[in-house]
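Structure first, then comments.
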Amino acid sequence: MSNVNDEVFRLALNRPCNKLTYKRELPPNQRVIPRFIIYDVHDPPKDIDLLSYRLRVMGLVENKVEIAYVDLLTKVPCIDLVTDFHCVTGWSIQNVAWRGVPTRYVMDMAKPRDNYVMAVGIDGYTTNLPLSALLEETTIIAYAMNGKILPRENGFPLRLVVPSRYGWKSAKYLSELIIMDSNEPGYWESLGYHDNGDPWLEERFNEGGPVTMRRRVRVVR
């Protein structure tokens with residue numbers, strides 16, 4: 001984080017944002033735990049040049065969008081979202097406070113021409129979503145969590161947060177949103193995870209279950 005000064009982070013954490021709470025009953029067969037279990041399928045990115053880092057919206061759009069990281073933190077409309085986080089492996093964290101940019105705002109800039117999205121992390125992670133999920137008012141691109149700049153283990157510098165889906169759809173280390181004309185599977189979906197991932201419908205896996213569990217696991221204490 002050394003190449004973005006403390007004043008940028010201070011402004012990002014203290015400027016006024018709209019507030020929103022998304023609260024529903026605990027999904028079936030979930031248990032509440034006190035802290036995140038950290039999963040990564042690729043090595044987390046290191047030494048990110050935040051001054052040149054961009055969020056990009058590409059593919060089938062009227063307008064290709066590139067927003068500088070510093071501008072996302074200081075100039076783009078922001079939202080404070082309090083919501084629960086549900087992992088497909090059966091645990092949930094209640095009342096996580098995220099701060100970030102509404103994806104609907106970014107999609108309005110890009111003007112998508114089709115209805116499917118691939119979220120891509122700078123670590124190479126991918127997950128697919130319907131465009132409708134990114135147009136939900138509760139879906140954001142988070143740069144802060146629980147009053148602090150997003151921790152590295154939770155997806156720094158940017159994380160897609162989709163409260164209406166299981167956590168694997170909330171791609172960490174987000175760099176691109178690619179609009180597509182067909183619904184292509186991302187990393188976990190190609191290994192048997194459900195295409196949609198609604199926790200309240202228990203859309204965990206496709207028929208036959210996951211092919212494998214390729215996760216690096218850490219518990220943040």
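Taking the helices alone, the chain has a mean residue ellipticity at 222 nm of -3000 deg cm²/dmol, built from -39,500 (n - 2.57) per DSSP H run of at least 4 residues and averaged over all its residues. Taking every alpha-carbon pair under 8 Å whose residues sit at least 6 apart, the range 92-152 reaches a relative contact order of 45 percent. Less than 5 angstrom separates the built amide H of Met58 from those of Leu177, Ile178, Ile179, all sequence-distant by 5 or more or on a different chain. Taking every protein chain into account, the 1.4 Å probe leaves Thr103 with about 0 Å² of accessible area, to the nearest ten. Straight-distance candidates among the lysines for linking to Lys64, with alpha-carbon spacing under 27 Å and chain neighbours fewer than 8 residues away dropped: Lys46, Lys75, Lys111, Lys169, Lys172. Rounded to the nearest 20 debye, the dipole size of the chain about its Cα centre is 780 debye, using +1 on the Cβ of Lys and Arg and -1 on the Cβ of Asp and Glu.
Applying a 4.7 Å Cβ-Cβ cutoff to the chain, the cysteines left without a disulfide-compatible partner are Cys87. Dividing the mean sequence gap of close Cα pairs (under 8 Å, 6+ apart) by how many residues the chain holds gives a relative contact order of 24 percent. Computed with a 1.4 Å probe over protein heavy atoms only, the accessible area of Arg56 comes to about 80 Å².
In the list (i) 11.4; (ii) 17.0; (iii) 12.7, the label attached to mean projected area of the Cα convex hull in nm² as derived from the coordinates here is (i).
Accessible surface of Leu26, taken over heavy atoms with a 1.4 Å probe and every protein chain present, rounds to 70 Å².
The values are calculated or read from the model by the stated rules, or taken from the named source; none is laboratory data. Everything quoted here is computed from the prediction, not taken from an experiment. Quick reminder, even Gly has a Cβ in these numbers, built from the backbone with ideal geometry, and neighbours come from all protein chains shown. To get the accessible areas, we keep the full protein, side chains included, count just its heavy atoms, and leave off ligands, DNA and RNA. Shrake-Rupley method; radii C 1.70, N 1.55, O 1.52, S 1.80 Å.
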